[in-house]
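None of the figures in this text is laboratory data; all of them are computed from the coordinates on show. Here the structure is a predicted model, which is why all the values come from computation and not from measurement. A quick note on method: Cβ atoms are made from the backbone with ideal geometry, for glycine too, and the neighbour counts reach across all protein chains shown.
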Amino acid sequence: MSETNFKERVFSGIQPSGNLTLGNYLGAVKRFVEMQNSGIETIYCMVDLHAITVWQDPIALKTQTRELAAAYIACGLDPNKSILFNQSQVSAHAELGWILSCVTRLGWMNRMTQFKDKAGKNAEKMSLGLYAYPALMAADILAYQATHVPVGEDQKQHVELTRDIAAKFNHDYGLELFPLPEPIIEGAATRVMSLRDGSKKMSKSDPSDKSRINMTDNADTIASKIRKAKTDPDSLPSEPKGLENRPEARNLVNIYAALSDSSVSDVLKEFGGQQFGTFKPILAELAVNHLAPISSEMARLMDDPVEIDRLLNDGAMRADAIAAPILKKVKNAVGMIV
């Protein structure tokens, strides 16, 4: 049995854990929208099974899932062009996750850096789910035989693990059921950093709200956060090499480049030699013009949760129609009666 002629298919997901940030938008959602017009089938979801690896308030989780769906749509993701759904509504994710966890080697899991980063010194108190979720992430991708996965730089390791799991499954069972998915890491701001510390990733879990731009922030808040973003006293350089060892400057230039769909080099050609007192108001205006309409549309969509749920249910049925036959082949290969 061979499945070598895999259809090009994109899959990616974001945890509905609240406070979608500019980093999530530039590092992921903006590219999701661009890819849905590329002619490749695109599948995107809210990975709530991943969210519960740490405690989530049940009522808040439902709201956050709808909010993330609203963000996807407000950013330009069209449920008619892409498949948009909630992970837990498609049982193939959990079922395949268990099967693949029996293929995944413990040594591979021990090399995963995100568990170490999140657990810190409290590893013994963390959930098994938090430790094992990379196998579920592999299932998310492989349930659709996805060939491409748009991710941030910090998630590249998970796609590499998915490739290892897919290759081992194919080898163990003597067939080519799964493709080896390729990570897609591109754009000027694939890793957006904190507005207060350019050495740290912009995070929704940062205690300081000033460290990030939330996709729910209004125009005045967006502009204020950028004007108050940490910088250094030097002027902007005229070429990218001049941003070395200047993390805050590099971060703001990257954000400008990503929002304006231009390169870092082009931004520095335009603003090289200028002080941040001149650059930041221009960046703030660009960010407001780009992001404020998104936050307004998100608020409008959230006023109709029934419609959001309808769209997610429709997406789940479309996703299941792809995943269920693939899962059946997996079960048959493993030796389960189907």
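Take the Cα atoms of the chain, build their convex hull, and give its volume per residue in Å³.
On the way: hull volume 49.5 nm³, N = 338.
With only Cα atoms used, the chain gives 146 Å³ per residue.
Sorting check: for 8-18, 141-151, which peptide has the highest mean count of neighbouring beta carbons within 10 Å, and how do the rest follow?
Values: 8-18: 21.5, 141-151: 23.9.
So the peptides 8-18, 141-151, ranked by packing, come out 141-151, 8-18.
What order do you get for Met126, Met336, Met137 when you list them from fewest to most C-beta neighbours inside 10 Å?
Values: Met126 15, Met336 10, Met137 24.
Least crowded to most crowded, the residues run Met336, Met126, Met137.
Give a residue-ordered list of calculated ³J(HN,Hα) values for the range 265-272 (Karplus: 6.51 cos²θ - 1.76 cosθ + 1.60, θ = phi - 60°; whole Hz; x for Gly, Pro).
Result, rounded to whole Hz: 4, 5, 5, 6, 5, 7, 10, x.
Distance cut-off 20 Å, Cα to Cα: go down the list Lys201/Lys228; Lys168/Lys331; Lys62/Lys328 and report the pairs above it.
Values: Lys201/Lys228 17 Å; Lys168/Lys331 16 Å; Lys62/Lys328 30 Å.
From the list (Lys201/Lys228; Lys168/Lys331; Lys62/Lys328), the Cα-Cα distance tops 20 Å for Lys62/Lys328.
With 10 angstrom as the radius, rank Thr278, Thr162, Thr53 by how many other C-beta atoms surround their C-beta, starting from the fewest. Display every interim value, and only then the final one.
Numbers: Thr278 12, Thr162 26, Thr53 19.
Ranking Thr278, Thr162, Thr53 by Cβ neighbours within 10 Å, fewest first, gives Thr278, Thr53, Thr162.
Please list the non-local residues whose amide H lies under 5 Å from the amide H of Arg9, H modeled 1.01 Å from N, same-chain partners needing a gap of 5 or more.
Thr147, His148
Could you work out how much longer the chain between Lys241 and Ile40 gets when fully extended? Use 0.36 nm per residue separation minus the Cα distance between them, nm to one decimal. Don't skip to the answer; put the middle values down first.
Details: separation 201, 0.36 × 201 = 72.36 nm, distance 3.55 nm.
Full extension from Lys241 to Ile40 adds 68.8 nm.
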